[in-house]
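A quick write-up on the structure given underneath.
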Amino acid sequence: MKLRSSLTARMVAVGAALAVVIGLAIGAMLLTIGDMRRASQTARRSEQILAASNLAEKQLLDLETGARGYALTRDDRFLDPWRSARTAFPRQTERLGALVAGNPPQAALAQQISDGIRSYVEDYSIPLVIAVRAQRNPPAAADGRRRVDALRAQFARFDAAEQHLADLRRSASDRAAARAVTVGVVVLVAGVALLLAFAAYLGRAVARPVRRVAAAADRLAAGDLSARVPADGRDELARLAASFNAMGAALEEGRDELDSQHAELELQTRELEDQQQQLAGANDELRAQRDELEHITGSLADETDRQRRFNDFADTLATDAALDARAQTSLRALADAAGAHVGALYAGDDEGSYELLATVGLEREGLPARIAPDEGLAGRALGEREIVQVAHEDATLRVRAFGQETVVRSELHIPLPYGPRTIGVASVGLLEDARLDRRAGALLEHLAGQAAVALFNAFVTRRAQRLAEINRAVLDTVRDGIMLTSADGVALANAPARRLVEEIVGVPLEEAAELDPTQVAARTTDAEGYLAANAAIAADPDEPTFDEVQLADSGRVFERYTAPVRGPGGERLGRTTVIHEVTAEREAERLKNELMATVSHELRTPLASIVGFTELLLLRDPEPDVRRSHLETVHAEARRLAELIDDFLDLQQIAERGRLPLERRRIDLRPLVGDQARVFTGHSAAHTLAVRMPDEPLMAEADPSRLKQVVANLLSNAIKYSPDGGEIRVDAWARDGMVGVAVVDPGLGIPTTQQDRVFERFYRAPAATERAIGGTGLGLALSREIVEAHDGRMSFESVEGKGSRFWFELPAARDHAATAEAETEGDADRDGAANGARTGSRAV
């Protein structure tokens, strides 16, 4: 018998075809679900790209605001976000480029953004910071704004394009979900149709032939032995018909054969019934598989939503490391997951106390600033480390609305566990009755774990930042520059170190490492010694070193001490460098040496004169007039010697105390100046003194002996530096709350190139040496010290070959200052030639 004529083979073929169709339908449905999952993944990737773009744009804003804040305030703290953004943006733009590598247009735009930010940093932001530090003109602010606006526009185009892609991908995901539903419906309809077709086929191929046989059997049972059935085909039913016909033909031959044939027919009937039952069971199994597939589809959608929520929460936490921002983000995520409307989050880095860090829908003033582990329902959640839910009658959170307080209908207290510790608790309230099911509880516990890790890291970061700020503040209070260098560059530097390094090498500390040592050596007075000291440090890095550097342009001197730094395990961490400026010490040593040399030289001259003339008086008996002349010479040289000693003692007092001691009292400058003018009248027959002073008193709080010293120095210099004689004019005035005196001479004058050194100690103009004009170079320096010790000021005007005008001003006594200002108001002539009233001027 051929396979195609077998009823069993046909049943098997039809069943196999049915199974194949159902399998193909299920496979198509699984493929559709896979497409939906891939579309969801691509949509999530777009969200990651947008988050990376937003972070890169935030870093651009940190670069702009940090540099602008530093330019406006000169406060180095504004450069912290600028440095962080400058360090982080290359990695962020590289990550952004990697995320869009499969999208050439977006990858090109990401590269343009990266190049634009790098150009902004190198061509504008860094030059701006360097210019502000060097106190030079910074780059134009408009250029920076133009660059930032251009970059923001590129970010906007990038985000718009990526958002468009995300919308397309979400649409693709929605279409994939719709296809999955459509395929499911098609599979269901096709399965039912195939079952109905299979049932119809059984009715036509099996039931109808059987009914014919049964009808013939009934006729036989009724005694109609001529009953026959058609025997078409060659399958089992055809053979059954042939057998039935043969049976009918053989009935007459024997009843036993008829019974046997009848029993065989009943057996075949039972087999057909069994097959029908099996078919019904297969139909039930197919229906159960369909229900299970629908359940799997729903679970997959729920899991996708949970993963999206977790990923969004993690991305949000990663965008801001600040403790308050993470606390606010965590509380909002927990409140949204619980369906809550209000909430508060308490956390702390120790288990003894928890501080209020964030609120949602609640006023901070109405909540306790801190809670303990054993306080209320929140404390219970902290102790039990499990979510505590209470109904309206036990709730503690109150919401203010329309001027009234309302207790929430349901309240959750969610602990934030981190390992064996509980670092905080989030208390949220719902405005309607609700119960927490198992799935929602698992979601809240997972989010609470994520929040605990983020908050713990934020606490650790805040603690580390606080310690770093304290260390930095302590180091910045030290006068010496301290820095630690390693193989990676400068690891630590206090503010004096940054300032001193920039003053020594001429560039900021961040750029100093790029300089060649010979460039720095060229700025010193001993380039070979500087290079040798550096070579010694490099040759023996485990030994401390000590050297001294003097700058060629300013003459400033610095001591440099270096020593290796090792960690607790003996590993090398780097090398510390301490820079100490010793310019004042070296200058004091130089002045001391100059003072000794000057003292020995200046004292030797009058002493030689005194000794020589006294020997003449002792060895000889000169005439009275000659003796008087010698004695006058000895007296003059002795007075000169006394004046030199007084100057040197004053200089020593200034060096030791920083300022001359004064015995102030209320004095009138007019008689003091007049007395000194009369004293110097007889010093030179070639000079005349003209004193012009107002009639009103020139009252000041001053030391008269010291002011006499100042006026005497000015008059003495005016006579000495006017070798051709002439009129020495002395003017006095009172105005603007000050009283002043000026001495004008028609003498040699001071060249412009030498005027900035007039008040230096021991400085004498070349003209004084050429003309053998005596002096130590201390008179003007001491005079200026005396005037400034009185809170006054001293200066001069001079023209070479035409003379000089030296003047000083002191604060007027308080009860006379206003009167003097009123009397001299409107007098704008400040050259001293006509200061004050001229009614009392006279020649001496």
Note, ³J(HN,Hα) from phi for the range 327-335, Karplus 6.51, -1.76, 1.60, rounded to Hz, x at Gly and Pro: 5, 5, 4, 4, 5, 5, 5, 5, 5
On the principal axes of its Cα set, how long, how wide and how thick is the range 659-813? Give whole Å, largest value first. 43, 32, 25
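For the ranges 184-197, 336-349, 797-810, what's the packing order if you count other beta-carbon atoms within 10 Å of each residue, average per peptide, and put the highest first? Walk me through the numbers before you get to the answer.
Working: 184-197: 14.6, 336-349: 21.8, 797-810: 19.0.
Result, highest mean Cβ count within 10 Å first: 336-349, 797-810, 184-197.
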Please list the non-local residues whose amide H lies under 5 Å from the amide H of Arg409, H modeled 1.01 Å from N, same-chain partners needing a gap of 5 or more. Leu430, Leu431, Glu432
Amide H proximity to His687 below 5 Å, modelled H, separation 5+ or other chain, gives Gly726
In this structure, the FRET efficiency calculated for Leu188 and Ala539 from their beta-carbon separation, with R0 = 51 Å, to the nearest 0.05, is 0.05
If R0 is 41 Å, what FRET efficiency do you get for Val611 and Asp553 from their C-beta distance, rounded to 0.05? 0.30
Virtual spin-label span in nm between Val14 and Leu367, 7 Å along Cα→Cβ: 7.1
Karplus ³J(HN,Hα) for the range 563-571 (6.51 cos²θ - 1.76 cosθ + 1.60, θ = phi - 60°; Hz, whole; x = Gly/Pro) runs 7, x, 10, 10, x, x, x, x, 6
In this structure, the FRET efficiency calculated for Ala197 and Arg239 from their beta-carbon separation, with R0 = 30 Å, to the nearest 0.05, is 0.70
Taking 7 Å along the Cα-to-C-beta vector as the label spot, tell me the Gln278-Arg421 distance in nanometres, rounded to one decimal. 6.8
Once the Cα gyration tensor of the range 419-557 is found, what semi-axes does its equivalent ellipsoid get, as square roots of 5 times the eigenvalues, in whole Å, sorted largest first? 57, 16, 13
For Gly737, list long-range residues whose amide hydrogen, built 1.01 Å from N in the peptide plane, is under 5 Å from its own amide hydrogen. Glu821
So, over other residues within a Cβ distance under 14 Å of Arg211, counting Lys, Arg +1 and Asp, Glu -1, the net charge is +3
So if each residue of separation counts as 0.36 nm, and I subtract the Cα-Cα distance between Ala638 and Asp350, what length gain in nm does that give? 95.5 nm
Applied in sequence order to the range 491-507, the curve 6.51 cos²θ - 1.76 cosθ + 1.60 (Karplus, θ = phi - 60°) yields integer Hz couplings, x standing for Gly and Pro, of 8, 7, 7, 7, 4, x, 5, 4, 5, 5, 4, 5, 5, 7, 8, x, 9
Net lengthening on full extension, Arg438/Lys802 (0.36 nm per residue, minus Cα-Cα): 120.7 nm
Extension gain from Arg664 to Thr525, taking 0.36 nm per residue of separation minus the Cα-Cα distance: 45.5 nm
Distance in nm between label sites at Ile645 and Arg566, each 7 Å beyond Cα in the beta-carbon direction? 6.1
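Bear in mind that the values in this text are calculations on the coordinates, not laboratory data. Nothing here was measured: the structure is a model prediction, and the numbers come from that model. With ideal geometry, Cβ positions are generated from the backbone for all residues, glycine too; neighbour counts draw on all protein chains shown.
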